[in-house]
Amino acid sequence: MSLLRLIFNIAWFVLGGFVMGLAWWLAGILCFISIIGIPFGRACFVIGELTFWPFGQEQMNRRHLTGREDLGTGAFGMVGNIIWFLLFGIWLAIGHLAHALACFVTIIGIPFGIQHLKLALLSLTPIGQTIVAKA
């Protein structure tokens with residue numbers, strides 16, 4: 001990890017990443033309460049980790065990464081994303097948008113606001129996505 005990524009990740013963690021990472025993990029715990037929600041909960045913990053330290057990582061559609069369709073990138077994934085959106089996605093997106101607006105108030109916060117916007121989009125439809133390290 002480069003020094004600049006480390007500095008950005010530490011600043012991110014202090015300026016909103018910690019709070020939103022915990023929100024993702026709380027959603028994951030709530031998903032684990034039911035047997036059906038376990039795949040959603042696992043995704044919450046993976047995305048929560050991305051939310052804690054986002055610089056140097058990015059989300060990518062699994063279909064584009066592997067070149068083939070799987071359970072999460074097909075019709076079941078779409079149904080899962082609709083259920084996710086109604087239960088948790090909208091609330092996590094609102095949280096990321098609120099943090100983005102707070103970050104955009106200052107010039108130095110603009111990169112953090114952009115990252116919150118990316119995470120807000122991811123929070124709306126996370127099923128079928130994966131997290132990969134940037135080159």
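Looking at the calculated P(r) for segment 12-135, what percent of the C-alpha pair distances fall above 23 Å?
In whole percent, the share of Cα-Cα pairs in segment 12-135 beyond 23 Å is 28.
Taking trypsin sites (Lys or Arg not before Pro) in DSSP loop conformation with at most 15 other Cβ atoms inside 10 Å as exposed sites, the chain has its longest uninterrupted site-free stretch at 1-67. Proximity of backbone amide H atoms, modeled 1.01 Å from N, is registered between Gln57 and Lys134 at under 5 Å, excluding neighbours fewer than 5 places apart on the same chain. Rounded to the nearest Hz, the phi-derived 3J(HN,Hα) couplings of segment 111-123 under the Karplus curve 6.51 cos²θ - 1.76 cosθ + 1.60 (θ = phi - 60°) are x, 6, x, 4, 5, 5, 5, 4, 5, 5, 5, 5, 5, where x marks glycine and proline.
When the P(r) is computed for segment 7-75, the part past 17 Å accounts for 54% of the Cα-Cα pairs. The HN-Hα couplings worked out from phi for segment 5-17 by the Karplus form 6.51 cos²θ - 1.76 cosθ + 1.60 (θ = phi - 60°) are 4, 4, 4, 4, 5, 5, 4, 4, 4, 6, 9, x, x Hz, whole numbers, x standing for Gly and Pro. Distance between the modelled labels on Ile35 and Leu6, one decimal in nanometres: 4.7 nm (7 Å Cα→Cβ projection).
Once backbone amide H atoms are built at 1.01 Å from N, Gln129 has Arg62 as its partners under 5 Å, excluding neighbours fewer than 5 places away on the same chain.
Rounded to whole numbers, the Karplus 3J(HN,Hα) couplings from phi for segment 77-84 are x, 5, 4, x, 5, 5, 4, 4 Hz, using 6.51 cos²θ - 1.76 cosθ + 1.60 with θ = phi - 60°, and x at Gly and Pro.
Read the figures in this text as sums done on the coordinates, not as results from a lab. Note that the structure is predicted; figures quoted are calculated from it, not measured. Every residue, glycine among them, receives a Cβ derived from its backbone with ideal geometry; neighbour counts consider all protein chains shown.
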